[in-house]
């Protein structure tokens, strides 16, 4: 395995051991990255159940593919490639499920997939705040969730990687296996949609 | 009303370039033109502040906490997943 400069020696050793089948080393890797992966999955799908499923699928894939990791990219970049792929796969699967269910429904129920996603229940996160803040915060979180769910998944992922998690255009492009220009273009479109969705709310 | 600045950039160009260069080099000739436009165009200036505030709100969104039961379930699922695959493979022979 090549030694990627941003990976610590301890992590290289841990990955190497896990690749050799050391279950304890693999468990350590899971513990190290589970919150990161869950957090990212939640930011993308805004749903606790879907985020948990995505995280679980991601680590199953990591377990199966770990030997394919050669150390030529940061381990976190490689993990993000897997989790973003799972988010996109889940979205496609949901579309197929909805399509098969909608076959027997009357025409007026077949609205577009993005609108349907907004109608799904949004799970909120328990916060330790005062009751007075709670209403405002809940309303704001709901607005943010609804606005981001209007974005196509590809744009949503780019927005989260770039603007929320602060990753570079180059790393975002590498994670999604697209060109830097395509990543910038998706980010621009995502920002414009969110800006319009939230304009009323953020303008004093 | 939105203005056009023929010698510099129009508002549509500003929206495009501001989005692409929000966190990038602010000393390039293009960014200097953008800054100049923003100083004289209240609409574009407001757009930029709405965009910055929007991004800030998403950054401030509380970090979700992974429930303990989920942590336990991941390892169980991982340990059992390959075995399930093996069983499937045997069944399909």
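Values quoted throughout were computed directly from the atomic coordinates according to the rules given, and no laboratory measurement underlies them. Computed from a predicted structure; not experimentally measured. Cβ: placed from backbone, ideal geometry, glycine included. Neighbour counts: every protein chain shown.
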TODO: Could you please rank A:55, A:153, placing first whichever residue has the fewest other Cβ atoms within 10 Å of its Cβ?
DONE: A:153, A:55
- [ ] Report, as an integer, the average count of C-beta atoms from other chains found within 10 Å of each Cβ along B:44-57.
- [x] 5
- [ ] May I ask you to sort A:22, B:27, A:145, A:72 by Cβ crowding, counting other Cβ atoms within 10 Å and putting the fewest first?
- [x] B:27, A:72, A:22, A:145
Task: Point-to-point label distance, residue B:31-residue B:46, nm (Cα→Cβ direction, 7 Å offset) - done: 2.7 nm
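Averaged over A:179-191, how many beta carbons belonging to a partner chain fall within 10 Å of each residue's beta carbon? It would help to have the intermediate numbers written out before the result.
Values: counts 0, 0, 1, 0, 0, 4, 3, 0, 3, 7, 1, 1, 8.
For peptide A:179-191, the averaged partner shielding equals 2.
Determine how many Å³ per residue the convex hull of the Cα atoms of the range A:1-67 encloses.
Values: hull volume 6.1 nm³, N = 67.
Convex hull volume per residue, Cα atoms: 91 Å³.
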Open item on the list: At a 10 Å Cβ-Cβ cut-off, how would you order A:70, B:52, fewest neighbours first?
Closed with: A:70, B:52
Task: Within 10 Å of each Cβ in A:137-144, the average number of Cβ atoms from other chains - done: 2
